[in-house]
Amino acid sequence: MNITIEIHYATSSRAYQKGSFQHRGKRPEMVALEFWKQIQKDLSYNAVLEKVISAGQDITQLVEDLEKVERRKNEEMADYLPI
């Protein structure tokens, strides 16, 4: 089953990207976060997330919360890396 994700973001101007993905048992916000990370990786400048829409519903807050949790985990793991 496919899920459509639409991500609105701001760079030097406003833009959005839309894609259809197989969710393979993942929640829509997880699929959207992976898509958002790919967009950030492809851009050579910082982008600011504005809105995430999946199946006609705004899931922006869910994606932002997941992003914060992931960032926190990465920071905690950095504490254990050898110097």
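Read the figures in this text as sums done on the coordinates, not as results from a lab. Every value quoted in this text rests on a predicted model; they were computed, and no experiment measured them. All Cβ positions, even for glycine, are placed from backbone atoms using ideal geometry, and neighbour counts span all protein chains on display.
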Phi-based couplings in Hz for the stretch 22-36 (Karplus 6.51, -1.76, 1.60; Gly and Pro marked x): 7, 8, 6, x, 7, 6, x, 5, 5, 5, 5, 5, 4, 5, 4
Please list the non-local residues whose amide H lies under 5 Å from the amide H of I59, H modeled 1.01 Å from N, same-chain partners needing a gap of 5 or more. V52, I53, S54
Once phi is turned into ³J(HN,Hα) by the Karplus curve 6.51 cos²θ - 1.76 cosθ + 1.60 with θ = phi - 60°, what whole-Hz value does each residue of the stretch 67-75 show in order, with x for glycine and proline? 5, 5, 4, 5, 4, 5, 4, 5, 5
Could you check the spin-label model distance between K68 and K26? Points 7 Å from the Cα along Cα→Cβ, value in nm. 2.2 nm
Taking 0.36 nm per residue of sequence separation and subtracting the Cα-Cα distance, how much length would be gained by fully extending the chain between N2 and K51, in nm to one decimal? 15.6 nm
Put a dot 7 Å past each Cα toward the Cβ at S44 and E76; how far apart are the dots in nm? 3.7 nm
Taking placed amide H atoms and a strict 5 Å upper bound, the residues 5 or more places from I3 or on another chain that come that close are F21, Q22, H23
